[in-house]
Amino acid sequence: MGAIDYKRFYRILTRCQELGTDASARPAVARVYADVLKGLVEAFLTAHKSVIAGESAAGKEGAEANAALVSIDQPYREARAIALAYVPTLAVPDTLKRQPTDTDKVTALEDLLDAVDDHLGTPWADDIVNGAFGQRAPLVIKEIRESVEANTALANAKHARATAYGPAYEKYMSFKRVVREVHGPSSKEYKRIHLRAASGVDEGGDDGPKE
């Protein structure tokens with residue numbers, strides 16, 4: 001079985017929703033939709049929309065965080081070198097490019113700020129705090145944290161969608177069988193909601209002879 005094509009399943013469930021709620025829907029189709037599928041369709045559609053919104057937000061926040069990191073890289077290296085020139089024993093973090101995760105980058109920025117803050121009152125430390133690094137670092141930290149939060153929200157949204165998929169798919173199959181028997185396998189109603197395995201979704205059952 002290939003990867004689940006959530007986008008296509010979203011379209012199929014939207015068609016099921018249209019079919020089941022149409023004013024001219026056959027009574028049996030409308031009843032089964034309302035009783036069996038409606039709640040699960042709405043849950044999946046909502047979850048899928050949350051993923052789409054989450055992808056957009058994560059992309060935006062990620063781009064802003066990357067731009068912020070590019071802008072702070074040189075000031076960070078400069079501040080780090082100056083601090084070590086004055087206090088060779090000062091415990092300072094490694095360069096940002098050597099930090100494996102965004103959380104590590106935030107920690108490095110905070111740690112360098114803290115190390116310099118311990119020497120406020122000396123000209124070199126005051127220059128760093130009042131210069132490009134000291135002024136940009138808090139904003140960069142904010143951008144990175146917002147990116148991390150957006151990615152966490154996206155991961156949660158994907159998990160919610162995956163959780164909603166199984167129950168919705170199971171009842172979709174039941175609803176599709178009803179539509180097939182009520183309208184016939186060659187009907188436009190059935191064909192519009194027929195999700196083939198070739199789409200990346202394993203239908204996991206036999207609806208009878210394939211048209």
Please sort 21-31, 75-85 by packing, taking for each peptide the average over its residues of neighbouring beta carbons within 10 angstrom, highest first.
75-85, 21-31
Say each of Thr107 and Ser24 gets a label point 7 Å from the Cα, pointing the same way as Cα to Cβ; how far apart are those two points in nm?
6.5
Suppose a student asked you for the relative contact order of segment 1-75, using Cα pairs under 8 Å spaced at least 6 residues apart; what percent would you report?
27
Where the accessible area of the chain is counted over protein heavy atoms with a 1.4 Å probe, how much of it, in %, is carbon and sulfur?
53
Grab the DSSP H runs of the chain that are 4 residues or longer, score each as -39,500 (n - 2.57), total them, divide by all residues and round the 222 nm result to the nearest 500 deg cm²/dmol.
-25000 deg cm²/dmol
So what's the angle, to the nearest 10 degrees on a 0 to 90 scale, between helix 6-21 and the longest Cα principal axis of the chain?
40
With each label point set 7 Å from Cα along the Cα-Cβ vector, what nm distance links Asp35 and Thr152?
4.4
Taking only Cα atoms, what is the 0 to 90° angle, nearest 10, from helix 132-183's long axis to the longest principal axis of the chain?
10
Grab the beta carbon distance between Lys188 and Lys49, set R0 = 25 Å, and tell me the FRET efficiency rounded to 0.05.
0.40
What is the magnitude of the charge dipole of segment 16-155 about its Cα centre, with +1 placed on the Cβ of each Lys and Arg, -1 on the Cβ of each Asp and Glu, and no other charges, expressed in debye to the nearest 20?
580
Going through the cross-link list Lys38/Lys188; Lys158/Lys188; Lys60/Lys191; Lys60/Lys176; Lys105/Lys158; Lys38/Lys142, which pairs have a Cα-Cα distance over 30 Å in this structure?
Lys158/Lys188; Lys60/Lys191; Lys60/Lys176; Lys38/Lys142
Springs between alpha-carbon atoms under 10 Å, Gaussian network over the chain: tell me which of Gly20, Gly184, Gly121 tops the mean-square fluctuations.
Gly121
So if R0 is 35 Å, what FRET efficiency would Ala85 and Lys60 give, r being the distance between their Cβ atoms, rounded to the nearest 0.05?
0.35
Dipole magnitude of segment 21-86 about its Cα centre (Cβ charges: Lys, Arg +1; Asp, Glu -1), debye to nearest 20:
200
Dipole of the chain, positive end: most advanced residue of Val32, Thr152, Gly54 [Cβ charges, Cα centre]
Val32
Structure-derived Rg and Dmax of the Cα atoms in Å: which label, when the choices are [x] 19.2, 61; [y] 27.6, 85; [z] 15.6, 52
[y]
Exposure rank, largest accessible area first [Asp73, Asp102; 1.4 Å]:
Asp102, Asp73
Counting heavy atoms of the protein chains only and a 1.4 Å probe, report the per residue accessible area for segment 83-160 as a whole number of Å².
57
Subtracting the Cα-Cα distance of Gln135 and Arg98 from 0.36 nm times their residue separation yields 11.1 nm
Computed over the chain, the relative contact order (Cα-Cα under 8 Å, seq sep at least six) in percent reads 36
Magnitude of the charge dipole, segment 59-139, Cβ model with Lys/Arg +1 and Asp/Glu -1, debye to 20
300
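The values are calculated or read from the model by the stated rules, or taken from the named source; none is laboratory data. It should be emphasised that the depicted structure is a prediction, and the values quoted were computed from it without experimental measurement. Don't worry about glycine lacking a Cβ; one is built from the backbone with ideal geometry, like all the others, and counts go over all protein chains shown. For the accessible areas, the whole protein counts, side chains as well, though only heavy atoms, and no ligand, DNA or RNA atoms are used. Shrake-Rupley method; radii C 1.70, N 1.55, O 1.52, S 1.80 Å.
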